[in-house]
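The values are calculated or read from the model by the stated rules, or taken from the named source; none is laboratory data. Keep in mind that what you see is a predicted model, and the values were worked out from it rather than measured. Here the Cβ is made from the backbone with ideal geometry for all residues, glycine too, and neighbour counts use every protein chain on show. All accessible areas refer to the heavy atoms of the entire protein, side chains included, with ligands and DNA or RNA removed. Shrake-Rupley method; radii C 1.70, N 1.55, O 1.52, S 1.80 Å.
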Amino acid sequence: MTSLYLYDDAVARAFEPFALTRPVSELRAGAEIIRERWSRVARAETTAFIGAPHLADFSEQGAPRALASGTMIPAGAIIANSRFVVSLDAVLTDDASVWSAGGGVCAVRLAHQLDASHLADGTMALASLASLASLARDDVGVSIAGRWLGAVWDLVATLTAQLGEDIPLLARGVRATADVGVTLGSHDITVEDGATIEPYVVFDATAGPILVRADATISAFTRIVGPCFIGRGTNVVGDRVANCSIGEMCKVRGEISSSILLGHSNKGHTGFVGHSYIGRWVNLGAGTTTSNLKNTYGTVQIWTPNGIVDTHQQFLGTMFGDHVKTGIGTMLTTGTVLGAGANVYGSAGHPKFVLPFAWGEREPYAQFEAEKFVSVAARMMQRRGVTLDDSQRRHLARAHARAARA
């Protein structure tokens, strides 16, 4: 049986505000988690991820644990780069050892065992492992379809195209209900059996396909505009949801467009969110609004660990790290980054970068105390029937300590 390992390289480890609390393999790209994409094409469950040391206690339902430095990765194992969003219809054939795309090696099958410590700091490129895949170092291997993520905002920038590719493939074989209410457009609309579609819902598939998974509920007077993916157990309770990927167990109300919700997060009230990425266990207070376009119509700059960067994107909203909370009427400017665990409120506006675990209405922020933060996280998770276990508590406490030292 194939062993699959997902590798966060040095570039992936700078994908803030998410890299503080999760490996890149546990981010949603298009309609699927990156790990799930690789498991699908490799026809194997992921054994472990290889990431930054501060993620050693990362624990999440369905996700693999971190691989300890010094562990031997066995011969025959596949190591895949987490920054490559592999196409869902790709196949890693048994007769290949190296897979590449866009001039870079995205996955390698080892011919000999490898000490994981060689990958510990993320600087080793998978191309350098070609000799351990029984290939010459300059052999590019087999071409495979997919997209590289060069920066965290690429998840938003490529969303439309990625959803357009993902949804038809995921819809194959889905047991769908025939009665989906009012429909527009020529692209496919697939509502999985077990989803609830109330009267007066409009599915507009003019610009792309739509997939609603089982146990989701779409309330009356909602307009779903494709391409759009609605995950299991998610409740959409009104307004316009366009060109979005909404993970499992979310609650969404109000206008939202061109955005990703990783899962288990709430936008339960009105307020516009556009071209944004919402991590896990986020709660947006009523009226929380993101700007996704500058008044100058210029490209958006954004904070990164390496400084302010021009994204070359005209539309970009807010990156909400895991466990972020916003208060009623929170206004967020174009290209904002809210660090993991931040709790911000007030309508006066916030800076484009808010530190992890910040607390308050404006700068200078107080720090969300570690013990109180973990207690709040546990209460929110329990509301969704998820228990914050000891490993997760250590993980969040480590993230808090790391942020405090930064």
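If you run the Gaussian network model on the chain, springs between alpha carbon atoms under 10 Å, then out of Val237, Val225, Val182 the most flexible one is Val182.
For the chain, the solvent-accessible area with a 1.4 angstrom probe is 40 square angstrom per residue. The ellipsoid that matches the Cα gyration tensor of the range 175-280 has semi-axes, each √(5λ) in whole angstrom, of 19, 14, 12, with the longest given first.
Once C-alpha pairs closer than 8 Å and six or more residues apart are averaged by separation and normalised to the residue number of the range 255-406, the relative contact order reads 16 percent. Expressed as a whole percent, the accessible area of the range 285-378 that falls on carbon and sulfur atoms is 54 (1.4 Å probe).
Using the Karplus relation 6.51 cos²θ - 1.76 cosθ + 1.60 with θ = phi - 60°, the per-residue 3J(HN,Hα) values for the range 395-400 come to 4, 5, 5, 5, 4, 4 Hz, with x marking Gly and Pro. If you plug the beta carbon distance of Met1 and Ser186 into 1/(1 + (r/R0)^6) with R0 = 56 Å, you get a FRET efficiency near 0.85. What is the chain's relative contact order, in percent, from Cα pairs under 8 angstrom and six or more apart in sequence? Answer for the chain is 11 percent.
For the range 268-376, the set of GluC sites (Glu not before Pro) satisfying both a DSSP loop assignment and a count of at most 15 other C-beta atoms within 10 Å is given as Glu361, Glu369. Of the solvent-accessible surface of the range 157-226, computed with a 1.4 Å probe and all protein chains present, 49% belongs to carbon and sulfur. Taking every C-alpha pair closer than 8 Å and separated by at least 6 residues, the mean separation divided by the residue count of the range 295-342 gives a relative contact order of 36 percent. Of the residues Tyr200, Thr299, His187, the one whose Cα sits farthest toward the positive end of the charge dipole of the range 186-309, with +1 on the Cβ of Lys and Arg and -1 on the Cβ of Asp and Glu, is Thr299.
Averaging over all projection directions, the Cα-based convex hull of the chain occupies 19.2 nm² in the image plane.
Loop-located chymotrypsin sites (Phe, Trp or Tyr not before Pro) in the range 188-275 (DSSP state other than H, G, I, E, B) with a sparse environment of at most 16 neighbouring Cβ atoms within 10 Å: Tyr200, Phe221.
Taking the highest mean first, how do the peptides 376-382, 398-404, 170-176, 152-158 order by number of other beta carbon atoms within 10 angstrom per residue?
Per-residue Cβ counts within 10 Å, averaged per peptide and sorted highest first, yield 152-158, 398-404, 376-382, 170-176.
In this structure Thr289 has an accessible area near 40 Å², from a 1.4 Å probe over the protein heavy atoms. Over all pairs of different C-alpha atoms in the range 6-110, the reciprocal of the mean inverse distance, the Kirkwood hydrodynamic radius, equals 14.0 Å. In the range 244-308, the alpha-carbon atoms span a convex hull of 99 Å³ per residue.
Summary of packing: across the peptides 104-110, 188-194, 273-279, the per-residue average of other C-beta atoms within 10 Å ranks them, highest first, as 273-279, 104-110, 188-194. The listed residues Arg83, Arg240 rank as Arg240, Arg83 when sorted by accessible area, largest first, using a 1.4 Å probe. Take 22-31, 46-55 and order them by the average number of nearby Cβ atoms within 10 Å per residue, most first; the result is 22-31, 46-55. Among Lys352, Lys372, the sequence by solvent-accessible area, most first, with a 1.4 Å probe is Lys372, Lys352.
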